[in-house]
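Report on the following structure.
The values are calculated or read from the model by the stated rules, or taken from the named source; none is laboratory data. Given the structure is predicted, the values throughout are model-derived calculations rather than measurements. Ideal geometry is used to build each Cβ from the backbone, glycine not excepted, and the neighbour counts take in all protein chains shown. Note: accessible area is taken over every heavy atom of the protein model, side chains too, but ligands, DNA and RNA are not part of it. Shrake-Rupley method; radii C 1.70, N 1.55, O 1.52, S 1.80 Å.
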Amino acid sequence: RSPVLTLSTMNPAVRRVEYAVRGPIVTRALQLEQELRQGVPKPFTEVIKANIGDAHAMGQKPITFLRQVTALCLYPELLADPKIPDDAKARAQRLLLACAGQSAGAYSASPGIGMICGHVAQFLQRRDGVVANPNNIFLSTGASDAIVSILKLLVSGVGPSRSGVLIPIPQYPLYSAAIAELSAVQLNYYLNEEQCWALDVAELRRALTEGRRHCCPRVLCIINPGNPTGQVQSRQCIEDVIKFAFEEKLFLMADEVYQDNIYAKGSAFHSFKKVLFELGPPYSEEVELASFHSISKGFMGECGFRGGYVEVVNMDPEVQQQLSKLVSVRLCPPVPGQILLDTIVDPPRPGDPSYEKFMAEKQEVLSNLAHKAQLTQEIFNRTPGIHCNPVQGAMYSFPRIDLPPRAIAAAEAEGKAPDMFFCMRLLEETGICVVPGSGFGQREGTFHFRMTILPPTEKLQLLLEKLSSFYTKFVKEFS
């Protein structure tokens, strides 16, 4: 009797899903770690997983206030501890009163704890100078879950009427994976590498025009600051994109999870919602927008708690009811993640016992990241054949590498993409795990890799120099 579920009988959309950030190269990195533990000799002593933006895994210390409030909510007996400041205790008590049964182990309302949705709305109002309605805010299991939920609402049709989703190339592979799973059509628009990965409306128009020949483009996704490219879009660019979405009747999805991670002089974060309302009618009344934020990035890096939110603007009220229904199917986002989100959108204020320590810890994280962003581009650009744009924001660099024809031929002989071939050799010989650019998308004939800038400065410098030396040796071998 053959199994009911086989590769040929399973959902073909799931088979099409790929997610390079945790793909085959990471599987091999885990195997190498196991081999090192077993005493198998290697040309390195540790595997450095620079493949993913996981701050705490890379040694970043948690922000004290965030963890104190969360610990108090999870174990209220700590409220008697005299070492914990009074503002953290008062926050935890308010949060527990907002939880069913005064327990963080109880389900919350499906869109999230009402008090926290209110605090998110106040945070957005302070950030943008625009009134935010808590009823338009849905807390989520990280930003990823909210992104998929919004895409589910937008995907419909078959054949030429199938929904098309415009995504940047390079992109974060959550988008290509979700589009494949939902059987939508991926429409690529290319960021301009020569202009520091700038977004060009003429390129958006090209992708849209091509897409309309075989599907129904309905969605435009923007990642700002960029992942994997680390660029920060200008206010003028955001204004142009909003006008384009208005003219072409596209739903805008703004992935803004790196909004705290701005490093380059002259760069600044401008939220899509703020620019939308500064433009005024008809844009502010008609352009439909979903914007996303997360506790996983920024200065907090609390990836494992899985907290985030989406704010919807100008969404049809009947569709918004359907979104409420959709999120209710999953009952609620993780309550500890919601609690952590609350401490981020409503942090200690001047005069609070925790304020000075909180600000010092936050600034230390962000200034270290700014230094590491600069260090990364400097070291890479010293090496002939590696071309690294300034890391203006986010947590990654996405350098272009020149690969000799013999290396490309060797990769093809092994049935691998040339940058995958390079990255796998890098891992096997140095223990450095980075993700090939082919996992994010890149222009035909170019090769890249993505690596995080999160390791401690000393380790990052060693990693960059080791990687650059390996690249030089690799090119020599295949020249």
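Rounded to the nearest 5, the antiparallel percentage of DSSP beta bridges internal to the chain is 50%.
Restricting to bridges with both residues inside the range 95-345, how much of the DSSP beta-bridge set is antiparallel, in percent to the nearest 5? Taking every DSSP beta bridge with both residues in the range 95-345, the antiparallel ones total about 35 percent. With r as the distance between the Cβ atoms of residue 355 and residue 461 and R0 = 30 Å, compute the FRET efficiency 1/(1 + (r/R0)^6) and round to 0.05. With a Förster radius of 30 Å, E is 0.35. When 401, 262 are compared by accessible area at a 1.4 angstrom probe, the order from most to least is 262, 401. Shape summary: the range 11-124 maps onto an equivalent ellipsoid whose semi-axes, from the alpha-carbon gyration tensor, are 40, 23, 13 Å in decreasing order.
Of all DSSP-defined beta bridges confined to the range 242-356, some 60% are antiparallel rather than parallel.
Of all lysines in the structure, the ones whose alpha carbon falls short of 19 Å from that of residue 273, not counting any fewer than 8 places away in one chain, are 243, 249.
Take the alpha carbon atoms of the range 290-328, find their center, do the same for the range 170-234, and report the distance between the two centers in whole angstrom. Between the Cα centre of the range 290-328 and that of the range 170-234, the gap is 20 Å.
Please report Rg over Rh for the range 95-345, where both radii come from the alpha carbon positions and Rh follows the Kirkwood definition. Here Rg/Rh amounts to 0.96. Computed over protein heavy atoms with a 1.4 Å probe, the accessible surface of the chain works out to 43 Å² per residue. Across the protein chains, with a 1.4 Å probe defining accessible surface, the residues 269, 358 rank 269, 358 from largest area downward. Stretching residue 4 away from residue 18 to a fully extended chain increases their span by 2.7 nm, per 0.36 nm per residue minus the current alpha-carbon distance. Surface composition of the range 7-47: carbon plus sulfur atoms contribute 54% of the solvent-accessible area (1.4 Å probe, protein chains only, all chains present). Potential lengthening of the chain between residue 234 and residue 267 amounts to 11.1 nm, from the contour at 0.36 nm per residue minus the alpha-carbon distance. Protein heavy-atom surface of the range 344-426, 1.4 angstrom probe: 52% of the accessible area is carbon and sulfur, with nucleic acids and ligands not counted.
When the helices of the chain are scored as -39500 (n - 2.57) per DSSP H run of n ≥ 4 and the total is divided over every residue, the value at 222 nm lands at -13500 deg cm²/dmol. Scanning the chain for DSSP H helices at least 27 Å long along the axis (C-alpha atoms) with a Kyte-Doolittle mean no lower than 0.5 picks out nothing. Between the beta carbons of residue 328 and residue 97, assuming R0 = 22 Å, the FRET efficiency works out to 0.40 to the nearest 0.05.
What the Cβ-Cβ distance of residue 107 and residue 152 gives, at R0 = 25 Å and to the nearest 0.05, is a FRET efficiency of 0.70. Largest to smallest in accessible area, the residues 75, 190 fall in the order 75, 190 (1.4 Å probe, all protein chains included). Remark: the range 191-200, residue by residue, has Karplus-estimated 3J(HN,Hα) of 6, 8, 4, 5, 10, 6, 6, 5, 9, 10 Hz, where x stands for each Gly or Pro and the curve is 6.51 cos²θ - 1.76 cosθ + 1.60 at θ = phi - 60°. Shown here: Cα extents along the principal axes in Å, derived from the displayed model; of the candidates [x] 83, 62, 55; [y] 66, 64, 58; [z] 81, 59, 44, it corresponds to [y]. Close amide H pairs (under 5 Å, H built 1.01 Å from N) link residue 48 with 432, 433, residues at least 5 positions away or on another chain. Under a straight-distance cross-link criterion of Cα-Cα below 19 Å, which aspartates and glutamates are reachable from residue 83, leaving out those fewer than 8 residues away in the same chain? Within the straight-line cut-off, residue 83 pairs with 352, 356, 361.
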